[in-house]
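*Asks:* Just passing along the structure, written as structure tokens.
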């Protein structure tokens, strides 16, 4: 195992505002860096080079999610006792991001039956209508929090409508998902998981009796070789779709608008030529994407990556933001250029855990940003950039709020 001479404050709230600066230093000095988790006391290996991240994310059976199946109890129990199948948290944990093949292959195939490209493309006019309606509501004022007024309600409305969740209940889902993602309080987390599970169980029962033209009904009905999602898999998959279906897009829209405001030359270029929106969104995803690191993966045995041996039982944590600024793969990586070509970023991950909702997020991002630029051409940040507060999650990279004038 390589020795390390550097210590990086990778877990701090201060780092969340500009993690790329720290990752650039890590990539240059200690590209595969072992850090001790502040809560667990266990080892996390941050991977900051593009090629090394690709190695970790590809289908390597030595690295995966279901560590209890591969590691002896004396090692796996360092991450906590085995889960109780009746525990409320298990209701939301049996989804694609937490399992390996063959179960992952089965679940992903069933989800794709309900989450088809045609269904996504058919949403385009509705997404545009939602964007316009939200801006209509904003125009009665001269100042707003762009996240609360626009970048949150747009994707949560889309994914809630796809699942068939009534508009009157969508704030509940915001509370449940944000509590589970950002509130470090077990009692609050347990409350949110329990309320979510009870609500969705009732919806599942109702849809079994009265199927609708929505994704929830599609997930219930999806079948492959006589196999269907059981109730826990359904609840977990719905939770994943809600989180992945809105939190990442919230950050894509807000991070993207912040970048454009910080780079007025690129903003003007996009205003003059709206057809640049697709490469602009790809550059936003690369330069300051909505996800900082992947979800946890464990080394099932000693694994060598980039010349460093990661011991069995430790977490392998590819830093997507770092990989997407690697000068070995991107020319002038710290330059924000909406006309960048050959932009093969990994903002949505790679391999079997590549984001199922990536096409939807891209569509929402292109519609949302173009609509904001067209309808609110004088939009400006209302506070100094250094005063913006960022979420403390090392997984999701986004602001708590984004005050703007227009």
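Each value in this text was obtained by applying a stated rule to the coordinates, not by laboratory testing. All figures in this text were calculated on a predicted structure; none of them were measured in a lab. Note that we place each Cβ from the backbone using ideal geometry, even for glycine, and neighbour counts take in every protein chain shown.
*Asks:* Students often check this: by mean Cβ neighbours within 10 Å, which of 239-245, 93-99, 299-305 ranks highest, and how do the rest follow?
*Replies:* The packing order, highest mean first, is 239-245, 93-99, 299-305.
*Asks:* So what is the relative contact order for segment 1-84, in percent, with contacts set as C-alpha pairs under 8 Å and at least six apart?
*Replies:* Relative contact order comes out at 19 percent.
*Asks:* Right, another one. Cβ neighbours within 10 Å, averaged per peptide: list 314-323, 103-112, 201-210 in order, most packed at the top.
*Replies:* 314-323, 103-112, 201-210
*Asks:* Pop a pseudo-label 7 angstrom from the Cα along the beta-carbon direction at both residue 14 and residue 89 and give the gap in nm to one decimal.
*Replies:* 3.0
*Asks:* Once fully extended, how much extra length lies between residue 121 and residue 61, figured as 0.36 nm per residue of separation less the alpha-carbon to alpha-carbon distance? Could you put the intermediate results ahead of the total?
*Replies:* Values: separation 60, 0.36 × 60 = 21.60 nm, distance 3.43 nm.
Value of the extension gain: 18.2 nm.
*Asks:* Using alpha carbon centroids, what distance separates segment 128-180 and segment 201-248, in Å?
*Replies:* 22
*Asks:* Give the calculated FRET efficiency between residue 7 and residue 167 to the nearest 0.05, with a Förster radius of 51 Å applied to their Cβ-Cβ distance.
*Replies:* Values: r = 49 Å, r/R0 = 0.95.
The computed FRET efficiency comes out at 0.55.
*Asks:* For residue 393 paired with residue 21, estimate the spin-label separation in nm (one decimal), with each label point 7 Å from Cα along the Cα-to-Cβ line.
*Replies:* Each label point lies 7 Å from its Cα, and together they span 2.4 nm.
*Asks:* Between segment 304-362 and segment 369-400, how far is it from one alpha carbon centroid to the other, in angstrom?
*Replies:* 22
*Asks:* While we're looking at this one, here's another question. Does the chain come out rounded, prolate or oblate by the C-alpha gyration tensor, with a ≥ b ≥ c the root eigenvalues, rounded set by a/c under 1.5 and, if not, prolate when a/b is larger than b/c and oblate if not?
*Replies:* oblate
*Asks:* Please work out the FRET efficiency for the pair residue 269 and residue 352, using the Cβ-Cβ distance as r and a Förster radius of 51 Å; give the result to the nearest 0.05.
*Replies:* The computed FRET efficiency comes out at 0.90.
*Asks:* Let me check against my output: what whole-number percent is the relative contact order of segment 13-405, with C-alpha pairs under 8 Å and at least 6 apart? Present the calculation step by step, with values, prior to reporting the outcome.
*Replies:* Working: 579 pairs, mean separation 107.7, N = 393.
With pairs under 8 Å counted, the relative contact order is 27 percent.
*Asks:* With labels modelled as points extended 7 Å from the Cα through the Cβ direction, what inter-label distance (nm, one decimal) is found for residue 141 paired with residue 42?
*Replies:* My value for the distance between the label points is 4.3 nm.
*Asks:* Turning to a different aspect of this structure: Go ahead and estimate [θ] at 222 nm for the chain from helices alone: -39,500 (n - 2.57) per DSSP H run with n ≥ 4, summed, over the residue count, rounded to 500.
*Replies:* Details: 16 runs with 190 residues, N = 406.
Rounded to the nearest 500, the figure is -14500 deg cm²/dmol.
*Asks:* Another one. Give me the percent of DSSP beta bridges within the chain that run antiparallel, rounded to the nearest 5.
*Replies:* Approximately 85 percent, going by the DSSP bridge assignments.
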